[in-house]
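Each remark here refers to the structure printed beneath this line.
The values are calculated or read from the model by the stated rules, or taken from the named source; none is laboratory data. This one's a predicted model, so the numbers in the text were calculated from it and none came from an experiment. Cβ placement follows ideal geometry from the backbone for every residue including glycine, while neighbour counts extend to all protein chains displayed. Side chains are part of the model used for accessible areas, which takes the heavy atoms of the whole protein and leaves out ligands, DNA and RNA. Shrake-Rupley method; radii C 1.70, N 1.55, O 1.52, S 1.80 Å.
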Amino acid sequence: MLSDDGLHDIENESWNAYGQFTYISNWKLAFPAAYTNLNGSINSLLPTAERSFTGTATLYLGARLWSGAEAYLVPEVISELPLSGLKGLGGAIQNFELQKGGTETPQLYRSRAFLKQTFGFGGKSVKTESGPMQLGTTYDSRRLVLIAGNFSVLDFFDKNAFDIDPRQGFLSMGFLTYAAYDFASDARGYSYGGVAELYWDDWAVRFGRVTPPKNPNQLPVDFRLFKYYGDQMELEHNHKVRGQDGTVRVLAYRNHEDIGRFSDAIAVWEADPAKNATTCPGFNYGSDNASAPDLCWVRKPNVKVGIGMFAQQSITPDIGVFSRAMYSDGKTEVDAYTSTDRSASVGLLGKGSKWSRPRDVAGVGFNAGWISKIHAEYLSLGGIDGFIGEGAIKAAAESTVDTFYSVNVMKSFWLTGDYQHILNPGFNADRGPVNIFSLRIHGEF
Amino acid sequence: MASSKRLLLVLIAWPRLAMAQQTAQGFAVERFYPSAPGGGWFVMDEMNIGGGLGGAISLTGGYARNPFAPVVSNEAFVDVAMAVTYNRSRVYLDLPMPVVANGSSGAGPSLNIATSPDSVADSHVGFDMRLLGKPGSSFRLGTGAQLIIPSGSRADYVTDGRYGGMFRLLPAGDIGRFSYAGQLGLYVRPAEGLLVPGSPDGNEVLFGLAAGRRFPSRSGWDTVVGPEFFGEASVHSASDGHTGFEGLLSTRLERTGDRPHLRFKIGIGHGIVEHFGAPEWRVLASLELVGSRL
């Protein structure tokens, strides 16, 4: 706004401020289910019709401190009501804005506060546009970037396809990142730690270490970064095919967290059935199934690993395709993201230039997720994890088709209609399919 | 339409829902209300607002010992604030983030950065305007208003859980090498009966005075040293001794002029009348980046 009046140099910013608000409402229709919450297990997606919503407002503040140094602060407010208490779905959670532990009462919190220092090593000059958490500036194509503080891992790793703001794109969480990428974070999805990125012309490599939660999927964080941590490394290459931009990324992660292994929980319970889900001595998810194993008995420092690949390719300046797939070891419980152990997705995104609506965005995507054999065995015995577990399971791939159209209204507002069709919710072929219709209102400045 | 109605209802009901969900115990103990970025002093404001479009950001950290002993024995916070100025006016936003709040009584808060890593306490949105005088003149008078937006948990003693407002008169001036600033105002806090026996409840009168001497140097960095005294008195129970009053000795190192410049501030203070937020002692440090005026 200020740059339009000549009061702000948007190409070489010393500060900037952006904001957004987004309201998403989901309507889940009733769906068929052979059973729900068997024997006291509590993590079924309820088969009745339900409504869910999120309302968020975010302020993005950035400032240049000294040469190469940028500071960002992002306060945010959220109010939400998830489907079924955010239970019963893996990577197919229908709204990526949903947070664990969120309430209908608006909560103000600090989502990000970090420092970024760039050291240039020459190469070409790369102009970077001003945006949320990005000062308009020029970088060297060969540079080292160090980030420290509080941020989302997804701010730097596995960035959005075609840099489209997720608040204008797919609603399903399966398209936000790999559903099987259990990146260490607090209950809201934010982390504390550091990232180092090395850019060398068309290549980039980045490494990050961040804090996990003290207990799985909870807000308190364990700051002992040399004892409990989430490490990730990503290799990226940008290219052009027939003059159109494309990107390929490989990401690997290794977490060392206080989490339970499914095989250990089963073994402890089989040895002593009194060590079940209703007699937990410490942190647990509150299952009422006295005939089921529980991870509460076996949490200890454990390692979780995964590797994935992402590719995106513009077909025309306004249409592009993307795909990503990840394999995680599936031996341990979800600590921070979704219950999915293996995931794959593909999608098509486009802007409406061809029908004279250049700021409209449309997309269709397919996402599939699987759980490991041992994970399925644990669930079949009545066990639960942070999101799924309904007393029994006929293990199958959980899949989502998500299609949306975002209409741009008055330059700064978008109205989105979205439809999602979910097969085998919670990786359980005994339930579903589920149909969810959504409406999103998004505004930004 | 049902969605928008629901959103509106949630927004209107926010403070009531916040109250309903929090217990009657706990209130905002902190009585250090920092000045807007660029204000100069820790609490008072030098009202040197002028020129074209400008701004400032600040990062302030502080620790208070026994602000409400034994319930709250230790309290530390980090404030991030940003201001935009234009001509005589300034708008600003202050986001206080509690780092530690705990007590020795066992009944108080046990907040730390690990248990509440992203907590934001009551935020302040403010507007100030210089009414009389000019930047650098011997007398300036400004006025300011703030909206206090509740956030955080009352059980952590970082919020009253209710909206509030502040209205202040802000005199200030520079006479040779000496500077002074003051405040007289009202903090509108909706009363809800006695929160803690004998505690201030409801509206409070704010008062304060700061004075300092400037020591310029050839390097272009000036040092200003001087005391700040500030406090608050409950409107309905001031005669009962429900007044907190503390003094702060502060030093700031700053570049002056219209170009972007840094300001470093440190302060150490002592509660003169230790009451509900005026601590036994306090330390503060602040870093400001004041932008150029176009």
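Here are some notes:
- Paramagnetic reach from A:THR128 in the range A:82-117 [backbone N under 11 Å; point 7 Å along Cα→Cβ]: A:116-117
- B:ILE268 paired with A:ASP201, simple spin-label distance in nm, labels 7 Å along Cα-to-beta-carbon: 5.8
- For the range A:266-341: accessible area per residue (Å², 1.4 Å): 40
- Cα-based equivalent ellipsoid of the range A:143-216: semi-axis lengths in Å, sorted from largest, via gyration tensor: 21, 19, 10
- Loss of accessible area when B meets A, both sides summed, Å² nearest 100, probe 1.4 Å: 2300
- Under a model in which nothing but the beta-carbon of Lys, Arg (+1) and Asp, Glu (-1) is charged, the protein assembly as shown shows a dipole of about 1220 debye around its Cα centre.
- Listed peptides A:327-335, A:115-123 by packing density, highest first (mean Cβ within 10 Å): A:327-335, A:115-123
- Burial here means at least 30 square angstrom less accessible surface with every protein chain in place than with the chain by itself, probed at 1.4 Å; in the range A:18-34 the buried residues are A:TYR23.
- Probe 1.4 Å, protein heavy atoms only - accessible area per residue of the range B:42-290 in square angstrom: 39
- Positive end of the dipole of the range B:42-290 (Cβ unit charges, origin at the Cα centre): among B:ALA210, B:HIS261, B:GLY55, the Cα lying farthest that way belongs to B:HIS261.
- A straight chain from A:ASN39 to A:TRP355 at 0.36 nm per residue would run longer than the Cα-Cα distance by 108.3 nm.
- Kirkwood-based Rg to Rh ratio, the range A:44-147, C-alpha trace: 1.17
- In the protein assembly as shown, taking the dipole from charged Cβ atoms about the Cα centre, the farthest positive-side position among A:LEU61, B:ILE149, A:TYR199 is held by A:TYR199.
- For B:VAL43, distant residues with modelled amide H under 5 Å away: B:SER35
- Cut-off under 5 Å, modelled amide H: who pairs with A:THR340 long-range: A:GLY91
- The share of Cα pairs per 20 Å bin across the protein assembly as shown, counted from zero up to the longest distance, runs 16, 46, 32, 6, 0 percent.
- Cβ-derived FRET efficiency at R0 45 Å, A:MET233 paired with A:SER291, nearest 0.05: 0.60
- In nm, spacing of pseudo-spin labels at B:THR115 and B:VAL100 (7 Å Cα→C-beta vector): 1.4
- Anchor B:LYS265: lysines whose Cα lies under 30 Å away (excluding residues fewer than 8 positions away in-chain): A:LYS116, B:LYS134
- Inverse of mean 1/r across different Cα pairs in the range A:164-256, Kirkwood, Å: 15.0
- Taking amide H positions as modeled 1.01 Å from N, with prolines and chain starts lacking one, the residues under 5 Å from A:ILE259 and 5 or more places away or on another chain are A:LYS300, A:ASN302.
- Two-decimal Rg/Rh across the range B:143-185, once Rg and the Kirkwood Rh are taken from alpha-carbon atoms: 1.24
- Highest-first arrangement of A:285-291, B:212-218, where packing means the average Cβ count within 10 Å: A:285-291, B:212-218
- What you get for the range B:42-290, charging only the Cβ of Lys and Arg (+1) and of Asp and Glu (-1), is a dipole of about 1060 debye around the Cα centre.
- Charges were assigned to the Cβ only: +1 to each Lys and Arg, -1 to each Asp and Glu. The resulting dipole of the range A:124-250 about its Cα centre is roughly 140 debye.
- Over all directions, the projected convex hull of the C-alpha atoms in the range B:42-290 averages 13.0 nm² in area.
- Among A:LEU154, A:GLN168, A:GLY131 - extreme Cα towards positive end, dipole of the range A:130-182, charges at beta-carbon: A:GLY131
- Annotation for B:THR256 and A:ARG224: the two label points, set 7 Å from Cα along the Cα-Cβ direction, are 5.3 nm apart.
- Couplings 3J(HN,Hα) for the range B:113-119, derived from phi with the Karplus relation 6.51 cos²θ - 1.76 cosθ + 1.60 (θ = phi - 60°), are 5, 7, 7, 10, x, 10, 5 Hz, where x marks Gly and Pro.
- Extension reserve of the A:ALA148-A:ASP245 stretch, reckoned as 0.36 nm per residue once the Cα distance is removed: 31.9 nm
- Between the range B:83-110 and the range A:38-93, the Cα center-to-center distance that results, in Å: 25
- Separation of the range A:182-218 from the range A:345-367 is 29 Å, based on Cα centroids.
- Residue mean of other protein chain beta carbons inside 10 Å, A:100-111: 5
- Hz values of 3J(HN,Hα) by residue in the range B:57-70 - Karplus curve (6.51, -1.76, 1.60), Gly and Pro given as x: 10, 9, 10, 10, x, x, 9, 10, 9, 6, x, 7, 5, x
- Reachable lysines from A:LYS304, criterion Cα separation under 26 angstrom, eight or more residues apart if same chain: A:LYS87, A:LYS100, A:LYS159, A:LYS214, A:LYS227, A:LYS275, A:LYS331, A:LYS373, A:LYS394
- Across peptide B:108-118, the average count of Cβ atoms from other chains found within 10 Å of a residue's Cβ is 5.
- 0 to 90° range, to nearest 10: angle between helix A:262-271 axis and chain A longest Cα axis: 20
- With a cut-off of 11 Å on the backbone N, the residues of the range A:92-127 near the modelled label site 7 Å out from A:LEU65 along Cα-Cβ are A:114-118.
- Per-residue Karplus couplings for the range B:80-97, computed as 6.51 cos²θ - 1.76 cosθ + 1.60 with θ equal to phi - 60°, are listed in order as 10, 9, 9, 9, 10, 10, 8, 6, 9, 10, 8, 10, 8, 10, 10, 10, x, 10 Hz, Gly and Pro entered as x.
- Semi-axes of the equivalent ellipsoid of the range B:20-83 are 31, 14, 10 Å, computed as sqrt(5λ) over the eigenvalues of the C-alpha gyration tensor in descending order.
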